[in-house]
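Here's the structure, in structure tokens; my notes come after.
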Amino acid sequence: MSSMYKNNGSDKYNVETAEILANEAQHLPVAEATPIYEQLLLLFPTAAKFWRQYVEAHMAVNNEDATKQIFSRCLLNCLQIPLWRCYIRFIRKVNDKKGIEGQEETRKAFDFMLNYVGADIASGPVWTEYIAFLKSLPAVNAQEESHRMTNVRKVYQKAIVTPTHHTEQLWKDYENFENSVSRQLAKGLISEYQPKYNSARAVYRERKKYVDEIDWNMLAVPPTGSYKEEMQWVAWKRLLSFEKGNPQRIDTASSNKRIIFTYEQCLMYLYHYPDIWYDYATWHAKGGSIDAAIKVFQRALKALPDSEMLRYAYAELEESRGAIQAAKKIYESLLGDGVTATTLAHIQYIRFLRRTEGVETARKYFLDARKSPSCTYHVYVAYATMAFCLDKDPKMAHNVFEAGLKRFMHEPVYILEYADFLIRLNDDQNIRALFERALSSLPPEESVEVWKKFTQFEQTYGDLASMLKVEQRRKEALAGAEDGAAALESSLQDIVSRYSFMDLWPCSSNDLDHLARQEWLAKNINKKVEKSILPNGTLLDKTSMASISTMSSKVVYPDTSKMVIYDPKHPPGAGANAFDEILKATPPALVGFLANLPAVEGPTPNVDIVLSICLHSDLPIGQSGKAGIPTQVQSGKAGNQSQLPAGPAPATSELSGSSKSHPVPSSVSLKPTSNRQYGKRKEPDRQEEDDTTTVQSQPLPRDAFRIRQYQKARASSASQTGSVSYGSAFSGDLSGSTG
């Protein structure tokens, strides 16, 4: 087993490997399979299917002690119906021959199980099995019979108000049960529970929509960001939100119990998600169950011992309820032995001590923490800021910054934080001294931000002479990093920098863009040819163009290996990929029509030629007083011929022989009176045909774009006649009067 995990590298949560091992363990003796199951359950402690396989292996060899031990380890953390039904089978088997005492133990086991998993949407068979068990209990006298019936009735009444897959069947069984006991009593009880049952059935239908989105076979693994994992997270969030809304409008205690059950099931699959643990604990805390929230945090830290977020959240909860010592232990667990403690842990512990035990305790810990190898400049900044803002002790803060400067003079960020502190003190003399000390020790490439801060300080608080002097010094110091002599020249950017304030500028946004382009051009004016392509489209001179020909080794050529050899027999874009792209842009109705077309074996027709023929063809139109049925329709279903009156042409689906889709709109009159109106409008139509005869007599271009232009021209001319087309989308000749 260990070799299989080694072959998978560092991915110890490999699901495929775990499934293979679990399948192999099923065919091994219990003694050999036990180490495999233990290793699997160490990695997947909430995998109910692995627990069930493990316990069934021991049940098969009648190892009762091992079976009980396994159930005690997994039942409360794996609220899954198949595992719990396995537990009931074991209990019934053990107590089968113990008489009345065994029956009582079995009844308690059923109550115990339904208390935990009775709210499961798949718990219907469990309720049914429990009812059947109660009915099978012997009754010696009428009193015992009455007591048994009362117990059965109570279980039925709980089952029918629980939204499960078997709610309807349980309701029918309950009706039969009550009618078999007393029809007169049944009428009142059924009318009382009918609304509750209806509510449970409605909630079941809604709950099922959310439950169906969940993968109940998924193993709990750390999040990898895959699409499937994200969808499962969303599905569980939706189900939790649904349950929190109390859709069944039951009492608060029952609703909370159902929410707890949903969270527990969620954690079986999202075991490594800290946000789920946090939401669960926070929900308990908001409901006033602080002890339950603490237990959730304790379980969360056992599942995710490396999660600092959960530790801080847990400490915050303990501190908020006044348990200072409990919170302190959590902070100390974050510090560990002090050597491996993170900088953030030191800072947060100092803040905690300052809040709970006072200034002196926090100062003592800071003095110890600064000796730690994991202590960085962040600790000095945090403590100095706290001393200045909270303790109102600027002298202490100044001393801390000065002490840190001896260790972190090479850290530009620390210099900037120290400078901000001195600016708040209005200590301009020490500010300038700080900048001078820092800039004398920092290399030019690391001093850019410090120079920028120094310049901003002089621009804000200094006089004009000091301002210009610092700007010039900055240019000289950074000349090597900013392209030599060009950086030493004065530019209009300097004026913008000096005379701007916050989001106020001495120029327009267009001016800023122009200055930025000018600055970019100035920096790249002497660059090599291959790097001097200007963003504003400026052309290179002839000398530069000539030099490009000598650099053929750096020219990027297209990848000819992916080119397709031209074949004049095949139209461009006829490949499978091109066809797929066309289908994506095709309307769904047209895609459905194409899918219903019969498969044709043989040569593929040229689409442009077919379209040209369709555009040239004049489809026959029924005339008043004649048969009025086009030849296309005559070739259709015989049963529809008598239903087509004379008049305007029918829909295109009828022209192709279909009598089911696209009926002629009722707003288009097909009565004899409309034929006279149609006849009156024939003259403009004929005139239109005469006007376009010269165009139709010419062969249409095979270009699809020009064909569409031709269609638009015909459509616009048809619309001028005041008619609406119900015929072919290509011909445009078939129209019905809107009269």
Output for the range 122-138, where each listed residue is over 17 Å from Phe177 (Cα atoms) and not in a helix (DSSP H, G or I): Ala122, Ser123, Pro138
Can you find a residue that is in a loop (DSSP other than H, G, I, E, B) and over 23 Å from Asn198 (Cβ atoms) anywhere in the range 272-279? yes
Give me the pairs: first residue in the range 268-288 and under 12 Å from Ala300 (Cβ atoms), second residue in a loop (DSSP other than H, G, I, E, B) and open to solvent by 40 Å² or more (accessible area, probe 1.4 Å), beta-carbon distance under 6 Å, and six or more apart or on different chains, which are they? His272/Pro222
Do you know which of the residues in the range 474-487 that are surrounded by fewer than 15 Cβ atoms within 10 Å (Cβ to Cβ) and closer than 18 Å to Glu449 by Cα is modelled with the lowest pLDDT? Ala481
Quick check: is even one residue across the range 143-155 surrounded by 18 or more Cβ atoms within 10 Å (Cβ to Cβ), within 30 Å of Ser191 (Cβ to Cβ) and β-branched (Val, Ile, Thr)? yes
Within the range 294-310, residues open to solvent by less than 50 Å² (accessible area, probe 1.4 Å) and out of contact with any Phe, Trp or Tyr (no Cβ under 8 Å at 6 or more places or on another chain) come out as Ser307
Quick check on my filter: what residues within the range 216-249 are open to solvent by 40 Å² or more (accessible area, probe 1.4 Å), not basic (Lys, Arg) and not in a helix (DSSP H, G or I)? Trp216, Asn217, Pro222, Pro223, Thr224, Gly225, Ser226, Gly245, Pro247
Criterion: touching a residue at least 12 places away in the same chain (Cβ under 8 Å), in contact with an Asp or Glu (Cβ under 6 Å, 6 or more places away or on another chain) and open to solvent by 50 Å² or more (accessible area, probe 1.4 Å) - qualifying residue of Val339, Val359: Val359
Can you say whether Gln169 is under 29 Å from Tyr204 (Cβ atoms) and open to solvent by 10 Å² or more (accessible area, probe 1.4 Å), as far as the supplied structure shows? yes
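Conditions (1) touching a strand residue (DSSP E or B) at 6+ places or on another chain (Cβ under 7 Å); (2) closer than 27 Å to Ser241 by Cα; (3) surrounded by 14 or more Cβ atoms within 10 Å (Cβ to Cβ); (4) not small (Gly, Ala, Ser), marked per residue:
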{"residue": "Leu267", "(1), (2), (3), (4)": "no, yes, yes, yes"}
{"residue": "Trp277", "(1), (2), (3), (4)": "no, yes, yes, yes"}
{"residue": "Lys286", "(1), (2), (3), (4)": "no, yes, no, yes"}
{"residue": "Lys328", "(1), (2), (3), (4)": "no, no, yes, yes"}
{"residue": "Leu335", "(1), (2), (3), (4)": "no, no, yes, yes"}
{"residue": "His346", "(1), (2), (3), (4)": "no, no, yes, yes"}
Residue among Asp111, Asp96 that alone is outside any helix (DSSP H, G or I), free of Cβ contacts under 8 Å to residues at least 12 places away in the same chain and farther than 28 Å from Lys302 by Cβ: Asp96
Can you tell which of Gln459, Gln493 is touching a Leu at 6+ places or on another chain (Cβ under 8 Å), of a type outside the set (Gly, Ala, Ser), within 30 Å of Leu512 (Cβ to Cβ) and open to solvent by less than 60 Å² (accessible area, probe 1.4 Å)? Gln493
Any chance you could count how many residues in the range 36-76 are under 20 Å from Lys302 (Cβ atoms), β-branched (Val, Ile, Thr) and either open to solvent by 10 Å² or more (accessible area, probe 1.4 Å) or under 35 Å from the mean Cα position of the chain (by Cα) (or both)? 1
Being touching a residue at least 12 places away in the same chain (Cβ under 8 Å) and touching a Ser or Thr at 6+ places or on another chain (Cβ under 7 Å) is the requirement here; does Thr376 meet it? yes
Qualifying residues in the range 191-215 (those that are among the charged types (D, E, K, R) and not in a helix (DSSP H, G or I)) - the one farthest from the chain's Cα centre (by Cα): Asp212
Just one of (1) part of a loop (DSSP other than H, G, I, E, B); (2) under 27 Å from Asp11 (Cβ atoms) trips up Gly288, so point out which. (2)
Please work out which residue is nearest to Leu240 (Cα to Cα), limiting yourself to the range 203-215 and to residues that are open to solvent by 20 Å² or more (accessible area, probe 1.4 Å) and of a type outside the set (Asp, Glu). Tyr210
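The values are calculated or read from the model by the stated rules, or taken from the named source; none is laboratory data. Owing to the predicted nature of the structure, the values given are computational and were not obtained by experimental measurement. Using ideal geometry, Cβ is built from the backbone for each residue, glycine included, and neighbour counts are taken over all protein chains shown. Ligands, DNA and RNA are stripped out before the accessible areas are found, and what is left, the full protein with its side chains, is counted by its heavy atoms. Shrake-Rupley method; radii C 1.70, N 1.55, O 1.52, S 1.80 Å.
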